[in-house]
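Visitor: Once you've had a glance at the structure underneath, I'll fire off some questions.
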Amino acid sequence: MLVSPSLLSADFGNLNRDLEMINDSEADMLHLDVMDGVFVPNISFGFPVMKYVQKVCRKPLDVHLMIVEPQKFVSEVRDCGAEIMNVHYEACTHLNRTVQQIKDAGMKAGVTLNPATPVCLLRDIITEVDLVLLMSVNPGFGGQKFIHGTLRKLADLRRLIDETGSKAIVEVDGGVNLETGRQLAQAGADMLVAGNYVFSSADPAEAIRGLKQL
């Protein structure tokens, strides 16, 4: 299992310490949740923080934009060192164009679905994207409870990927812990985002290791 801990749950008063923990851990990527207070009811951090993270973190950056008009910031996200730029289906009027912009900028393109957005809406874009992120909570805040309907949705997504021959990997974000992570692994997830579970653990590196073994 690939694991992408979410920086949103880190201790920003000890950011260097938490980034070094990520560097030394078995984490595959670092997940950066960028929120604008418009698309979601919260504000997190922006490009100055991301540029600092880029300097310290040795893991690839998995950038998840929970913002309106994400297509306006493709070059800025690239310049912050992102390997993946993830945009919401619900925020993109011209999703195909935005996906192509991301790829033209040299990044992998990810598309995120909110809990109430059905997988079938991705049929015409699924072969063009590198990653699909399923939100298993309503986006905007960390520490929420896992929405169990995500397991059925994940099965739908796996069928769509298999039917179309898409190479997209499946990421899940929200309420992930060892128990829900095991269920998601069995349902076909490729990568798990975990914030609160990792950073509130007495041993965050061990929490990451446990998820990796699922």
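The numbers here are math on the coordinates, done by the rules we state, and not lab data. Model, not experiment: these values are computed from the prediction. Neighbour counts are summed over all protein chains in view; Cβ atoms, including those assigned to glycine, are modelled from backbone coordinates with ideal geometry.
Visitor: Of all alpha-carbon pairs in segment 2-212, indicate the percentage at a distance above 29 angstrom.
Guide: Numbers: 3774 of 22155 pairs.
Taking all Cα-Cα pairs of segment 2-212, the fraction more than 29 Å apart is 17 percent.
Visitor: Only counting other Cβ atoms within 10 Å, I'd like 68, 193 sorted with the fewest neighbours first.
Guide: 68, 193
Visitor: Let me ask something else. Within 10 Å of each residue's Cβ, count the other Cβ atoms and sort 182, 17 from fewest upward.
Guide: 17, 182
Visitor: A further question follows. Taking a point 7 angstrom from the Cα of residue 83 along the C-beta vector, which residues in segment 160-188 have backbone N less than 19 Å away?
Guide: 167-173
Visitor: In debye, nearest 20, what is the charge dipole magnitude of segment 2-212 about its Cα centre with +1 on Lys and Arg Cβ and -1 on Asp and Glu Cβ, if you could check?
Guide: 200 debye
Visitor: Could you pull out every one of the lysines with an alpha carbon less than 21 Å from that of residue 55, ignoring same-chain neighbours closer than 8 positions?
Guide: The qualifying lysines are 108.
Visitor: Comparing 180, 127, 93, which has the greatest mean-square fluctuation in the GNM of the chain with Cα pairs linked when under 10 Å apart?
Guide: Result for the chain, Cα springs under 10 Å: 93 fluctuates most.
Visitor: In debye to the nearest 20, how big a dipole does segment 146-188 give about its Cα centre with +1 on each Lys and Arg Cβ and -1 on each Asp and Glu Cβ? Could you put the intermediate results ahead of the total?
Guide: Working: 6 positive and 6 negative charges, 17 e Å.
Value, rounded to 20: 80 debye.
Visitor: Report the full-extension gain for the segment residue 94 to residue 1: residue separation times 0.36 nm, less the Cα-Cα distance, to one decimal in nm.
Guide: 30.3 nm
Visitor: Okay, next question. Restricted to Cα positions, what overall size does segment 81-125 have along the principal axes? Three whole-Å values, descending.
Guide: Ordered largest first, segment 81-125 gives principal extents of 31, 17, 16 Å.
Visitor: Right, here's the next one. Between segment 35-96 and segment 128-156, how many Å separate their Cα centres?
Guide: 18 Å
Visitor: Moving on to the next point. With springs connecting C-alpha atoms under 10 Å apart, model the chain as a Gaussian network and identify which of 185, 194, 109 has the largest mean-square fluctuation.
Guide: Ranking 185, 194, 109 by mean-square fluctuation puts 185 first.
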